1. Once you charge only the Cβ atoms, +1 for Lys and Arg and -1 for Asp and Glu, what is the size of the charge dipole of the range B:108-217 about its Cα centre, to the nearest 20 debye?
2. Between rounded, prolate and oblate, where does the range B:356-411 land on the alpha carbon gyration tensor, with a ≥ b ≥ c its root eigenvalues, rounded for a/c under 1.5, else prolate if a/b exceeds b/c?
3. Points 7 angstrom from Cα along the Cβ direction at B:Trp118 and A:Asn149: gap in nanometres?
4. Cβ neighbours within 10 Å, averaged per peptide: list A:100-112, B:161-173 in order, most packed at the top.
5. Calculated FRET efficiency, B:Asn250 and A:Val73, Cβ-Cβ r, R0 25 Å, to nearest 0.05?
6. May I ask you to evaluate 6.51 cos²θ - 1.76 cosθ + 1.60, the Karplus curve with θ = phi - 60°, for each residue of the range B:289-301 and list the ³J(HN,Hα) values in order in whole Hz, giving x for glycine and proline?
7. Can you give the relative contact order of the range B:214-343 as a percent, counting alpha carbon pairs under 8 Å and 6+ residues apart?
8. Hey, can you find the accessible area per residue of the range B:239-362 for me, probe 1.4 Å, expressed in square angstrom?
Amino acid sequence: MRRQLAITVALASAITLAACQSKAPDALPPQPASSTPPPETGPVPGSQADFMAQMGGRQVIYFDTDRYNIDSVDAAALQTQAQWLLQYPNKRATIEGHCDERGTRDYNLALGERRANAAKNYLVSLGIDAVRLSTVSYGKERPVALGSNEAAWAKNRRAVTITID
Amino acid sequence: MKKALVLFSLLFATPLMAQDAPAPSGPGAEEAVATADDGGLTGSVSDDKAWQDLGIAIPAFATDNNVPTPANAQGTAALGVEVARVITADLRNNGLFLPVGPDVLPRPGYPEIPAPSWGVWTGRNADMLVQGYVSAGADGNLTVGCYLYDVALQQELVRKGWQLAPADWRRGAHKCADLVYSRLSGESPFFDSKIAYIAETGPKDNRTKQLAIMDSDGANHRFITTGKATALTPRYSPDYRSIVYLSYLNGNPRIYIYDIAAGSQRLVTQSTNPTFAPRWSPDGRYILYSMAVNGNTDIYRVSVNGGPSTRLTDAPGIDVGGSYSPDGSRIVFESDRSGSQQIYVMDADGSNQRRISFFGGRAATPEWSPRGDQIAFTHIAGNFRIALMSPTGGNLRHLTNSWQDEAPTWAPNGRIVQFFRTEKNSGRTSLWQVDLTGRNLRRLRTPVDASDPAWGPVLP
């Protein structure tokens, strides 16, 4: 419903690329950046750099303490990710699950796995083939925010989608 | 066999005679002590005072013939000073005695070892006296003799000797410290043991984590892995031959069994799912591990030789960790099936699962005491604190109160709990030990930051 609408909009907006793909499904050659309409002089379409640029931060979703549910903000971000992944059906992605430092190590490994899987399952529900998506939990091993305060912890409780070039 | 430490009885008063009576090595003598006191620990922990302030004089160990040894270029006389220093540090660092070391004591001659000059020691207010000798044999091996005397009674309490390779000289000192500790406290020994842990370097957002091992006093430190792949949560096998641990080798968290002598490792299970939180069964035949499948984590058991795994839990949610009771019949583990991390006990086959932690906050990382009567765990209620409870969930007691202390593991005698402490903001980590009274807390020095400590058993 809502997500189908979102996909439709995405596909419509990316109609040029989609058309291009249907003609040459296998090899989107590493085109000179200037030869395709959407990017100005930006990253190669379909690359991780392109994904990062298009997501503008929405490659990361955030969780509450000890939680792994997908809230509405997460859902919107994952829908954006799904649009990109539908656009580049040959691309695979790894979803990293992370936790804040205020948890015990083993539990955080399990919780990070749970968060990564929650993100993965949502992407699958949006039509992404599960075989394209892998997960890895880093528990509390890879914080991005270094403080020991709620603001830092909120940034670290996350699932990060990284496409594989 | 090369590394085996030969224990023998000192049959005669003169140390010279000791070598005439080498007996087969084996844990027999120590285990007799271990099994002699398996009584309720909860009753004894508050009674330490009686022997806590015992003054123990530990003069330099004598030698019959000062000759160079690979253990000490200056010879066996200098080695005798070192041995007494190691014993002094062992006995001091657990906070239970008041040892005085060789640097401030007169040095007894070799003939005095079996026949102390009592007047020297009564004049120094020493309650107990530890004397000994170091002797280098023709084959290069060392003999360390250890004698414990009650100064007031002018009586020998116990004596023992060990033959060992020069490289293992510290083990002779640890064995002597264990002998003294056991005889005076009635507890099982634990100094002659090793610790596996994770050495940490680098910034908080890019930590290098290496598997490392060291003696119980921090000596003989050695890195096992290079740090290219993040290593976590090591556990020594009961026979010290291998270490089970988690590595991100090849990108995903998986459990490996590392063979120390061979320097090789293998996966615990061929599953492609992430596996973590490995633990040995007390007999070393099985490994407990946790595996996440589609985000759901359960506890499994697998033979150390591989083969199929047995799933022990199937609750939706995270069931993780797990620690066997010393007799192998039950497992204590952690689960968030109730909505938050709490501690549960089940039979070894996974049946009879029941929650035992019913106090405020979360309860995590349970570890069954090798004596069976206590469970150490991380109590999360604001701060992360090391705590104890009985296997039925009673008698909650906190041992530490810091910002973040976690992952307690037991000394082989069940008298000391070791854990790691994380510093707020910097994320720096360090290893700590605390006795069961909570009164004696000390940091274990490591070359770099350190976490996930795990004690191995007492060496035979």
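1. Result for the range B:108-217 is approximately 220 debye, rounded to the nearest 20.
2. Verdict is oblate for the range B:356-411.
3. 6.8 nm
4. For the peptides A:100-112, B:161-173, the packing ranking is A:100-112, B:161-173.
5. Using R0 = 25 Å, I get an efficiency of 0.15.
6. 8, 10, 9, 9, 10, 6, x, 9, 9, 10, 9, 10, 10
7. That works out to 14 percent.
8. 39 Å²
The values are calculated or read from the model by the stated rules, or taken from the named source; none is laboratory data. Just so it is clear, the structure is predicted and the values come from calculations on it, not from any experiment. A quick note on method: Cβ atoms are made from the backbone with ideal geometry, for glycine too, and the neighbour counts reach across all protein chains shown. Accessible surface areas use protein heavy atoms only, side chains included; no ligands, DNA or RNA. Shrake-Rupley method; radii C 1.70, N 1.55, O 1.52, S 1.80 Å.
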